[in-house]
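The block underneath contains the structure these notes are about, expressed in structure tokens.
The values are calculated or read from the model by the stated rules, or taken from the named source; none is laboratory data. Just so we're clear, the structure is a prediction, and the values are computed from it rather than from any experiment. Here the Cβ positions follow ideal geometry from the backbone for every residue, glycine too, while neighbour counts run over all protein chains shown.
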């Protein structure tokens, strides 16, 4: 069974970025994982050279051997650098965005992936943001929030605002949470994890509520 880290890393560093990078108006070859990727949309794909963006409209479905992405609209953003005229730097999956892989799912109204091209010419992910109705489903739990932020270098998912984590043991509610996708460990927090030690609270710490479900003994 693949780890949660592999799930996120492969999605954003592998088939998603490689596939969407093909929208670089085909001015340069893109390395893929030698696995077919299929992109379908009801209303086609439009590339606007003057704006440096490419957009797929209408029931967009990106299908890979192991992963799948659905959204209403998919937008890729490019910029000029000293090494490339069409370097991909941001990807947005807009409207009912759902990424799935076996027993792992992430949902949000908007997903933003910020990427950069490394020295080998491949794309790395700097960070991923999830906005509104965020749901992360793993084999062990379901986490919900209004906002999510993923840091690939730390294998850490931060959830903020109306966070709810549910597993077999019970349910936790709070304002902030951290999910270690490498270890599969979740922590509910009373304050923002970005707050520096010793920094005064800008707002009062939020209480954490835990509901423990009683175990049912089989007769």
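Tabulated data for the structure shown
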| quantity | calculated |
| --- | --- |
| Options 185, 142, 212: the member that is loosely packed, with under 15 Cβ neighbours inside 10 Å, at pLDDT 85 or above and either within 17 Å of the chain's Cα centre (by Cα) or farther than 22 Å from residue 97 by Cα (or both) | 142 |
| Any strands (runs of 3 or more DSSP E) falling wholly within the range 33-95 and containing at least 3 residues that are out of contact with any helix residue (DSSP H, G or I) (no Cβ under 9 Å at 6 or more places or on another chain) and either in contact (Cβ under 8 Å) with a residue 12 or more places away in the chain or more than 19 Å from residue 134 (Cα to Cα) (or both) | 45-48, 53-63, 68-79 |
| Some residue of the range 99-108 being free of Cβ contacts under 8 Å to residues at least 40 places away in the same chain and under 21 Å from residue 48 (Cα atoms) | no |
| Candidates 53, 30, 17, filtered to the one that is buried (at least 17 other Cβ atoms within 10 Å of the Cβ) and modelled with pLDDT of 50 or more | 17 |
| Count of residues meeting criterion [in contact with a strand residue (DSSP E or B) (Cβ under 8 Å, 6 or more places away or on another chain) and either within 30 Å of residue 116 (Cα to Cα) or buried (at least 18 other Cβ atoms within 10 Å of the Cβ) (or both)] in the range 165-182 | 11 |
| Hits in the range 72-98 - residues which are within 23 Å of residue 139 (Cα to Cα) and crowded, with 23+ Cβ neighbours inside 10 Å | 97 |
